[in-house]
Amino acid sequence: MTLATPVLDTDRLRLRPFTDADADALFALHSDAHVLRYWDSPPWTEPARAQRFIRMCRKMADEGTGARVAIDRASDGAFVGWCGLTGWIPEYRSATLGYVLGEPMWGHGYATEAARALLRWAFDTLDLNRVQAETDTRNVASARVLEKIGFVREGTLREDCIVNGEVSDSWVFGLLRREWR
Ligand SMILES: CC(C)(COP(=O)(O)OP(=O)(O)OC[C@H]1O[C@@H](n2cnc3c(N)ncnc32)[C@H](O)[C@@H]1OP(=O)(O)O)[C@@H](O)C(=O)NCCC(=O)NCCS
């Protein structure tokens, strides 16, 4: 079953499907070691990784397993980053939220605004019951984004990842349909 990736407009952002033209900006984002310091896989070193990521986004839509959207700033069209819902399981009515924004875009509430818009679409369109998110326990900004949206911190996955050679714990967050407003 296919799942059309949406175009969503918020006060300050436009969320839209990735195109091939995003490859350079996407590579710049994912090759930035500081942006990826709490990410569970290393920064990209090959520009071809960006093309692969964009192909994966299309495959996800074709196979109906999720929706990953590029985020642009509405005022000037600047590439902000991306957010996505992956691992959609219709039987369980559940999916997983993720996001990465370029450092110059941090601290303006963009991640919260984008994630809220995508979740609003998903709760309506996919009839989700639960959305899960995981963050490295050191990633205070990401945890704060989830808390602002209404996610509940449900537990700790001890020594879940090894990030840049450092063993790290992850927090699991969950947002239930009945808690979403
Ligand atoms: C995590 C990330 C998406 C946040 O994006 P953002 O647009 O800056 O997020 P918002 O502005 O919506 O909210 C960030 C919140 O964290 C707070 N915050 C940021 N850094 C903080 C810090 N070091 N200590 C405490 N609070 C912090 C901000 O003050 C803000 O909270 P507030 O609105 O109550 O003031 C962004 O930093 C990012 O892309 N990081 C790299 C990739 C990543 O880690 N992705 C998530 C993986 S789970």
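The values are calculated or read from the model by the stated rules, or taken from the named source; none is laboratory data. The structure displayed is predicted, hence computed values, not measured ones. FYI the Cβ positions are ideal-geometry reconstructions off the backbone, even for glycines, and counts take in every protein chain you see. Quick note on the areas: whole protein, heavy atoms, side chains included, nothing else; ligands and nucleic acids left out. Shrake-Rupley method; radii C 1.70, N 1.55, O 1.52, S 1.80 Å.
Structure notes:
- Carbon plus sulfur fraction of accessible area for the chain, probe 1.4 Å, in percent: 49
- Charged neighbours of Ser31, selected by a Cβ distance under 11 Å, balance to -2 (K, R count +1; D, E count -1).
- Annotation: for a label point projected 7 angstrom from Cα along Cα→Cβ of Thr10, residues of the stretch 48-72 with backbone N closer than 18 Å are 67-72.
- Highest-MSF residue in the chain out of Asp169, Asp136, Asp72 [GNM, Cα springs under 10 Å]: Asp169
- Legend: P(r) of the stretch 1-135 from all alpha carbon pair distances, 5 Å bins from 0, whole percents, reading 2, 10, 21, 24, 22, 15, 6, 1, 0.
- Accessible area (Å², per residue) of the chain, counting only protein heavy atoms and a probe of 1.4 Å: 53
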